Amino acid sequence: MPRSFPPGFLWGTATSAYQVEGGNYGSDWWEWERAPGSGCAEPSLDACDHYHLYPSDIATIAALGFNTYRFSIEWSRVEPEPGEYSKAAIGHYRRMLETCHEQRVRPVVTFHHFTSPRWIAAAGGWEDPATPQRFAHYCGETARALAGLFDLAITINEPNMPPLLGYEDGIFPPGKREPEARLRVNSNFIEAHHLARAAIGSASGARVGMALAMVELEAVDGGDAQLERIQHVREDVFLEAAREDDFVGVNAYTRHQVGPEGIRWPDAEAERTALGWENRPAALAACVRRAHGMTGKPIIVTENGIGTNDDHRRIDYIRAALSDLHDCLAEGIDVGGYLYWSALDNFEWNHGYGPRFGLISVDRTTQERTVKPSGRWLGEVARRNLL
Ligand code: FCB
């Protein structure tokens, strides 16, 4: 049965600056990739050289049929030293936004996607109580300089992940394993979101939200209390913090089962995807329903996708996720768009370049792009506004 989507539905694809631009040596991640014991697979180096190749990348995204492109601004480029703003870097992002408009693609701008300037890290990182204010200052300056060129903004991508991965699990910078620090950093990210929302909103008039990392959680073997505990610190405090936002961005990929001891990774028989995640397209609708139920806000799917080398599997995954998303719309949930992660095969953080989420592959020696069948297929769905 053909499923049509509402007029004006945002069909897009997403990237983040650090994962595609290349050469972001002012960022904390640049050091982290090289830090002994960080466990990073490889350095990002030139990434996809999107910093220079964005004109043809945005043209390709438009030509495929997408009407939206989500990308992020690299804080360390715009503010390389505290309070010192680079007009050249802001000019670069202005040209990216202008390119989007020339290509009739609506930009969704993210102000923080996992990376912070090295000077922030040196000053105490996200544990420092001054960091939220510093972040909001950068957001306000940048939004003012780019006002009129964007009307949808995300303050922070997955404000729930750097606290967990960087301060409790130790696999993101600064590599701490201190559950108490995670809680402090959670609060600082929430404060930063609120300050940034106000700064971006008043400087630009854009609609502002966060993009939250959500997982479909399922209690097994009596794991209900543990599930509640995990969900509270990982998602609910952030959903509560999003109640005054203009929309909630949902990033969702998979399901985790939770036993009394905590999260259980899928067993050997389960069908897994590149990061060891369960292949579970139904997770998207479960997370959309939950985000909407808890906030009552309009939802935008700001990330959904699958890491795989089998592009047919990618199409199957997206088709199933979109079919469920259409059910959410039929239930009356205001879902404004679907942004696939990711436009390009890119630098997948500590995993390096191995996992492939892209609709477009990238030859890392020549930087040559090749659109995958999934890119053409999803572009066609976008163009027709019909699954
Ligand atoms: C999300 C991140 C994104 C990418 C995907 C696979 O958590 O926002 O940068 O790593 O997962």
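Before we move on, is residue 120 open to solvent by less than 20 Å² (accessible area, probe 1.4 Å), modelled with pLDDT of 95 or more and assigned to a helix (DSSP H, G or I)? Full working, then the answer.
Details: open to solvent by less than 20 Å² (accessible area, probe 1.4 Å): yes; modelled with pLDDT of 95 or more: yes; assigned to a helix (DSSP H, G or I): yes.
The answer is yes for residue 120.
Which one of the conditions (1) over 29 Å from residue 191 (Cβ atoms); (2) more than 19 Å from the chain's Cα centre (by Cα); (3) surrounded by 15 or more Cβ atoms within 10 Å (Cβ to Cβ) does residue 258 fail to meet, given that it meets all the rest?
Condition (1) is where residue 258 drops out.
Please note which helices (runs of 4 or more DSSP H) are completely contained in region 25-113 and include at least 1 residues that are of a type in the set (Lys, Arg) and modelled with pLDDT of 95 or more. Talk me through it step by step, then tell me what you get.
On the way: elements: 28-34, 50-64, 75-78, 87-102.
By residue number, 28-34, 75-78, 87-102.
So that you can scan it fast, the table gives a plain yes or no per residue for (1) open to solvent by 30 Å² or more (accessible area, probe 1.4 Å); (2) closer than 23 Å to residue 70 by Cα:
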| residue | (1), (2) |
| --- | --- |
| 266 | no, no |
| 274 | yes, yes |
| 302 | no, yes |
| 322 | no, yes |
| 330 | yes, no |
| 349 | no, yes |
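Residues to consider are 290, 243; find the one that is in contact with a helix residue (DSSP H, G or I) (Cβ under 7 Å, 6 or more places away or on another chain) and away from the ligand (no atom under 15 Å from the Cβ).
Values: 290 fails: in contact with a helix residue (DSSP H, G or I) (Cβ under 7 Å, 6 or more places away or on another chain).
Being in contact with a helix residue (DSSP H, G or I) (Cβ under 7 Å, 6 or more places away or on another chain) and away from the ligand (no atom under 15 Å from the Cβ) holds for just one of 290, 243, which is 243.
Restricting attention to region 1-31, report how many residues are closer than 30 Å to residue 323 by Cβ, of a type in the set (A, V, I, L, M) and either within 15 Å of the ligand (Cβ to nearest atom) or open to solvent by less than 30 Å² (accessible area, probe 1.4 Å) (or both). Break it down into steps so the answer makes sense when it comes.
From region 1-31, those closer than 30 Å to residue 323 by Cβ are 1-16, 19-20; that's our starting set.
Subsequent filtering for residues that are of a type in the set (A, V, I, L, M) retains 1, 10, 14, 20.
Now narrow it down to the ones that are either within 15 Å of the ligand (Cβ to nearest atom) or open to solvent by less than 30 Å² (accessible area, probe 1.4 Å) (or both): 10, 14, 20.
Looking only at that region, the number is 3.
Scan region 150-161 and give yes if some residue there is of a type in the set (Phe, Trp, Tyr), in contact with a strand residue (DSSP E or B) (Cβ under 8 Å, 6 or more places away or on another chain) and within 16 Å of the ligand (Cβ to nearest atom), otherwise no.
Taking region 150-161 first, the residues of a type in the set (Phe, Trp, Tyr) are 150.
Filter once more, so that each one left must be in contact with a strand residue (DSSP E or B) (Cβ under 8 Å, 6 or more places away or on another chain): 150.
Applying the additional criterion that residues be within 16 Å of the ligand (Cβ to nearest atom) yields none.
Scanning region 150-161 turns up no residue that is of a type in the set (Phe, Trp, Tyr), in contact with a strand residue (DSSP E or B) (Cβ under 8 Å, 6 or more places away or on another chain) and within 16 Å of the ligand (Cβ to nearest atom).
Any chance you could count how many residues in region 32-54 are among the aliphatic types (A, V, I, L, M) and either closer than 22 Å to residue 99 by Cα or open to solvent by less than 50 Å² (accessible area, probe 1.4 Å) (or both)? Break it down into steps so the answer makes sense when it comes.
Residues of region 32-54 that are among the aliphatic types (A, V, I, L, M), as a first pass: 35, 41, 45, 47, 53.
Filter once more, so that each one left must be either closer than 22 Å to residue 99 by Cα or open to solvent by less than 50 Å² (accessible area, probe 1.4 Å) (or both): 35, 47, 53.
Here the count works out to 3.
Which of the residues belonging to region 96-127 are closer than 20 Å to residue 67 by Cβ and either hydroxyl-bearing (Ser, Thr, Tyr) or in contact with a helix residue (DSSP H, G or I) (Cβ under 9 Å, 6 or more places away or on another chain) (or both)?
So the first thing to find is which residues in region 96-127 are closer than 20 Å to residue 67 by Cβ, and the list is 96-110.
Answer for region 96-127, where residues must be closer than 20 Å to residue 67 by Cβ and either hydroxyl-bearing (Ser, Thr, Tyr) or in contact with a helix residue (DSSP H, G or I) (Cβ under 9 Å, 6 or more places away or on another chain) (or both): 96, 97, 99, 100, 102, 103, 104, 105, 106, 107, 109, 110.
Out of curiosity, is residue 159 at pLDDT 95 or above and surrounded by fewer than 20 Cβ atoms within 10 Å (Cβ to Cβ)? Give the steps one after another, and end with the answer.
On the way: at pLDDT 95 or above: yes; surrounded by fewer than 20 Cβ atoms within 10 Å (Cβ to Cβ): no.
No.
Which of the residues belonging to region 190-216 are closer than 30 Å to residue 230 by Cα and either assigned to a helix (DSSP H, G or I) or basic (Lys, Arg) (or both)? It would help to see each step written out before you state the result.
Looking only at region 190-216, we keep the residues that are closer than 30 Å to residue 230 by Cα, and these are 190-198, 207-216.
Correct list: 190, 191, 192, 193, 194, 195, 196, 197, 198, 207.
Cβ-Cβ under 7 Å, sequence separation 6+ or interchain: first residue in region 1-13 and modelled with pLDDT of 95 or more, partner open to solvent by 60 Å² or more (accessible area, probe 1.4 Å). Which pairs?
10/106
Where residues in region 167-181 are away from the ligand (no atom under 13 Å from the Cβ) and in contact (Cβ under 8 Å) with a residue 40 or more places away in the chain, which of them is most open to solvent (accessible area, probe 1.4 Å)?
The residue in question is 174.
Return yes or no: is residue 336 more than 15 Å from the ligand (Cβ to nearest atom), outside any loop (DSSP other than H, G, I, E, B) and not acidic (Asp, Glu)?
On the way: more than 15 Å from the ligand (Cβ to nearest atom): yes; outside any loop (DSSP other than H, G, I, E, B): yes; not acidic (Asp, Glu): yes.
Yes; evaluated as a whole, the condition is true for this residue.
Residue 288 fails exactly one of the following numbered conditions: (1) surrounded by 22 or more Cβ atoms within 10 Å (Cβ to Cβ); (2) free of Cβ contacts under 8 Å to residues at least 40 places away in the same chain. What is the number of that condition?
Every condition holds for residue 288 apart from (2).
The values are calculated or read from the model by the stated rules, or taken from the named source; none is laboratory data. Everything quoted here is computed from the prediction, not taken from an experiment. Neighbour counts run over all protein chains shown; Cβ positions are idealised from the backbone, glycine included. Just so you know, the surface numbers come from the protein's heavy atoms only, side chains and all, with ligands and any DNA or RNA stripped out. Shrake-Rupley method; radii C 1.70, N 1.55, O 1.52, S 1.80 Å.
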